[in-house]
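The structure under discussion appears below in the form of structure tokens.
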Amino acid sequence: MNIYKQEFRMNLKSVVTWSIWVAVFIFLYTAALSSIATDAALLNEMMANFPEELLIAFGMQGLDMSTVLGSYSFVFLFTQVLLAIQAANYGISLVSVEERELTADFLLAKPVARTTIMTSKLLSALTGLTITNAVAWISSFVAINLFKNGRAFETMPLILLLLSIVVFQLFFLSVGILISLLVKRVRSVTPYAMGLAFGMYILSAFGGMMGDVKLELITPFKHFDPNYIINNGAYDMPLVMITVVVIIVSIVGSYVLYNRRDMRSAA
């Protein structure tokens, strides 16, 4: 538990910063989109003239900006990008921070099994992501109700959308950990985290533009497509299960690799 507490204290400032950014983003963009709700019909007509590939790339295909959840799904898509970067950042730095700062020998010299160390670090990262997740939930409900301008909306599709955050975060966290253990040395976390998050988003965008179903199998941005969830009131379960399998394989693989890894030290 001492490792867990230490890791959480180290990440607390980051968790607060990310949570504030997520809340500010949700409020600003929900407010901005609600301000043009009166011209939503005109906006929908304008969007209808956009190339279909462009609409698919930005998650706007079949999007009705005149509805509360239609406009919010557009906000949520880019909220996912922020959540992905945060989770990938935590995952890639989870183990690599000791090697990068040459403190691995101090940690591993403690009478604690590597499995326990990994579990404590993982739980600490999950706690931080859960806090950001809670902020996203609260911000979304408050912002939507503040700026709905008398428009009604169904609560269940919104809940399903927000519930998807947990699995979405776990994907980037677990894959981030695995990447950091497959790479010989992570000199800087940011390029890897940004590459993983934006790489998956670009795959989703270009996969939709090119109609390549194979790319949709790779990225969780397609597995948890806000438009699909809002329009169908359900998840695309075959795609969701791919995400779940990737998470399980990544976590198991990370434990195996961490237990076998020769850690760089100051010696």
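None of the figures in this text is laboratory data; all of them are computed from the coordinates on show. Predicted model only: the values in this text are computed from it and were never measured. All Cβ positions, even for glycine, are placed from backbone atoms using ideal geometry, and neighbour counts span all protein chains on display.
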Which of the peptides 140-149, 21-30 is most tightly packed, and how do the rest follow, going by the mean number of other Cβ atoms within 10 Å of each residue? 21-30, 140-149
Burial ranking of peptide ranges 243-255, 218-230 (average Cβ count within 10 Å, highest at the top): 218-230, 243-255
Can you tell me how much longer the chain between Leu160 and Phe198 gets when fully stretched, taken as 0.36 nm per residue apart minus their C-alpha distance, in nm with one decimal? 11.3 nm
Cβ-Cβ cut-off under 14 Å around Thr30, Lys and Arg +1, Asp and Glu -1: the net charge is +2
How far apart, in nm, are two points set 7 Å out from the Cα along the Cα-to-Cβ line at Thr115 and at Trp137? 3.1
Could you go through region 226-243 in sequence order and give the Karplus-derived ³J(HN,Hα) for each residue, using 6.51 cos²θ - 1.76 cosθ + 1.60 with θ = phi - 60°, rounded to whole Hz, and x for Gly and Pro? x, 4, 4, 5, 5, 6, 9, x, 6, 8, 7, 4, x, 6, 4, 5, 4, 4
Pull out the extension gain between Leu182 and Asn145, defined as 0.36 nm times the separation in residues minus the alpha carbon to alpha carbon distance; nm, one decimal. 8.8 nm
Ranking request for peptides 73-80, 163-170, 113-120, 88-95: highest mean number of other beta-carbon atoms within 10 Å first, then the rest in descending order. 88-95, 73-80, 163-170, 113-120
If I take R0 = 22 Å and measure r between the Cβ atoms of Gln6 and Asp262 in this structure, what FRET efficiency does the formula 1/(1 + (r/R0)^6) give, to the nearest 0.05? 0.40
For Thr190 and Ser14 in one chain, what is 0.36 nm times their gap in residues minus the Cα-Cα distance, to one decimal in nm? 62.0 nm
Per residue of region 9-25, in order, report the coupling 6.51 cos²θ - 1.76 cosθ + 1.60 (Karplus, θ = phi - 60°) as ³J(HN,Hα) in whole Hz, putting x for Gly and Pro. 4, 5, 8, 4, 4, 5, 4, 4, 4, 4, 5, 5, 4, 5, 4, 4, 4
Note, region 246-259: 3J(HN,Hα) by Karplus (6.51, -1.76, 1.60, θ = phi - 60°), whole Hz, Gly/Pro = x, goes 4, 4, 4, 4, 5, 5, 4, x, 5, 4, 5, 5, 5, 5
